[in-house]
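The values are calculated or read from the model by the stated rules, or taken from the named source; none is laboratory data. Worth saying up front: this structure is predicted, and the values here are computed from it rather than measured. Backbone-built Cβ (ideal geometry, glycine too); neighbour counts: all protein chains shown. Accessible surface is based on the protein model in full, side chains and every heavy atom, while ligands, DNA and RNA are left aside. Shrake-Rupley method; radii C 1.70, N 1.55, O 1.52, S 1.80 Å.
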Amino acid sequence: GENVEQHPSTLSVQEGDSAVIKCTYSDSASNYFPWYKQELGKRPQLIIDIRSNVGEKKDQRIAVTLNKTAKHFSLHITETQPEDSAVYFCAASTGGGNKLTFGTGTQLKVEL
Amino acid sequence: GAVVSQHPSRVICKSGTSVKIECRSLDFQATTMFWYRQFPKQSLMLMATSNEGSKATYEQGVEKDKFLINHASLTLSTLTVTSAHPEDSSFYICSARVDPLIYEQYFGPGTRLTVT
């Protein structure tokens, strides 16, 4: 089955700096890669996603890049703000609303 | 649109009892729902895939007889934790898909189960 690895497990940045979280996946059939932000005790919130036919996608301060050949994808957050502090999860699936396999999560802390 | 609710949001039960958690799609029909379990400071682990009108597909290592899943309608799936034990205490989250062509899954708010 699919295996998704995520690094780093914790990330501390200064407000205004950029943050990068990286994931690798194992199943070459995976074609959908969402990123979620989860606050304590809350549901995962989709912040951006990318399909395998696209190499990069951007939404304001958030961007995701995908390298299909290397089987890795990354989340980039620019101009970080304290409210960006949360746990971020990457995930992968074979699309079509099929099951998601989640990475292990990254605790992002944005310090003033 | 695409709202998923869960009930209850929190439940405390005694060891040996059973607990039912409901997952509802409020404004769409969900042919497929997913159940995840999340232990503190850990990731979401898929427990099973629930398809309306058919038996659920359980992930390896998940006990079918302990975690009973029923998806009797296009808007409701239930997870029953039978003979609950303290180690079953966790955050249970469901998600639903709107359409196979729409890759996004919509998550419920989760249910915090505490077994004493």
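Label separation (B:LEU26 vs B:SER73): 1.6 nm, computed from points 7 Å beyond Cα along the C-beta direction. For chain B, relative contact order (Cα pairs under 8 Å, six or more residues apart, normalised by length) works out to 36 percent.
Over its Cα atoms, what ratio of radius of gyration to 2.2 N^0.38 Å does the protein assembly as shown give?
Details: Rg = 17.7 Å, N = 228, 2.2 N^0.38 = 17.3 Å.
Output field value: 1.02.
Annotation for region B:33-65: trypsin sites (Lys or Arg not before Pro) lying in DSSP loop with at most 15 further Cβ atoms inside 10 Å of their Cβ are B:LYS41, B:LYS55, B:LYS64. Interface between chains A and B: roughly 1700 Å² of accessible area buried, both sides summed (probe 1.4 Å, protein heavy atoms only).
Leaving out ligands, DNA and RNA, and with a 1.4 Å probe, what % of the accessible surface on the protein assembly as shown is carbon or sulfur?
On the way: 5520 of 11280 Å².
Of all accessible area on the protein assembly as shown, carbon and sulfur atoms account for 49 percent.
Computed over region A:36-112, relative contact order equals 24 percent, with contacts defined as Cα pairs under 8 Å that lie 6+ residues apart. Placing +1 on each Lys and Arg Cβ and -1 on each Asp and Glu Cβ, with no other charges, gives the protein assembly as shown a dipole about its Cα centre of roughly 420 debye.
Segment B:GLU63..B:GLU87, full-extension length gain: 7.3 nm, with 0.36 nm per residue of separation and the alpha-carbon distance subtracted.
Database note for chain B: Cys without another Cys beta carbon under 4.7 angstrom, B:CYS13.
Phi-derived couplings, Karplus 6.51 cos²θ - 1.76 cosθ + 1.60 at θ = phi - 60°, listed residue by residue for region A:44-57: x, 10, 5, 10, 6, 9, 9, 9, 6, 8, 10, x, 7, 9 Hz, with x used for Gly and Pro.
Find the accessible area per residue for region A:1-58; the probe is 1.4 Å, ligands and nucleic acids are left out, and the unit is Å². Mind showing how you got there, number by number?
Working: 3260 Å² over 58 residues.
I get 56 Å² per residue for this part.
Taking amide H atoms as placed 1.01 Å from N in the peptide plane, the amide H of A:SER26 lies under 5 Å from those of A:ASN3, each 5 or more residues away in sequence or on another chain. Taking 0.36 nm per residue of sequence separation and removing the Cα-Cα distance, the A:ALA29/A:GLU111 pair yields an extension gain of 25.7 nm.
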